Amino acid sequence: MCRAAQFLKVMADPQTLQESQNLSMFLATQNKIRDTLKQSLQEVLGYEDLLSDVVNLAVYMYENHMYLLPSEKHMLVKVGVLLLTYLSPPRR
């Protein structure tokens, strides 16, 4: 019961309530942003070749240890995975 009371107290603050609503809207539109980007990319002539080149470059850099920090290594993996999802056919 204490957590519920604390939540209600926090939600009574207008600024906190606005921040919570903004965060909810941002999280709700994450898929929309990604889907719109994928749809826009598909309108570009030869986008598959461009994305394939970027994926291949990321894989090459990863396999040849062409990064300094763990965050750079992680970025290469994320880029490869994200772009591969953009290259995959839509689900039905």
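The values are calculated or read from the model by the stated rules, or taken from the named source; none is laboratory data. Being a predicted model, the structure only gives us computed values, none of them experimental. We place every Cβ from the backbone using ideal geometry, glycine too, and count neighbours over all the protein chains shown.
Take the residues of the range 4-34 that are β-branched (Val, Ile, Thr) and at pLDDT 75 or above: which is surrounded by the fewest Cβ atoms within 10 Å (Cβ to Cβ)? Can you show your working first?
Initially, the range 4-34 is screened for residues β-branched (Val, Ile, Thr), giving 10, 16, 29, 33.
Adding the requirement that they be at pLDDT 75 or above leaves 16, 29, 33.
Working: THR16: 12, THR29: 12, ILE33: 10.
The qualifying residue surrounded by the fewest Cβ atoms within 10 Å (Cβ to Cβ) is ILE33.
Does ASN64 satisfy being loosely packed, with under 10 Cβ neighbours inside 10 Å, out of contact with any helix residue (DSSP H, G or I) (no Cβ under 9 Å at 6 or more places or on another chain) and modelled with pLDDT under 85?
Working: loosely packed, with under 10 Cβ neighbours inside 10 Å: yes; out of contact with any helix residue (DSSP H, G or I) (no Cβ under 9 Å at 6 or more places or on another chain): yes; modelled with pLDDT under 85: no.
Answer is no for this residue.
For the range 48-92, what are the residues that are in a loop (DSSP other than H, G, I, E, B) and of a type outside the set (Gly, Ala, Ser)? Outline the logic, then answer.
Step one: filter the range 48-92 for residues in a loop (DSSP other than H, G, I, E, B), giving 64-69, 88-92.
Listed by number, the residues that qualify are ASN64, HIS65, MET66, TYR67, LEU68, LEU69, PRO89, PRO90, ARG91, ARG92.
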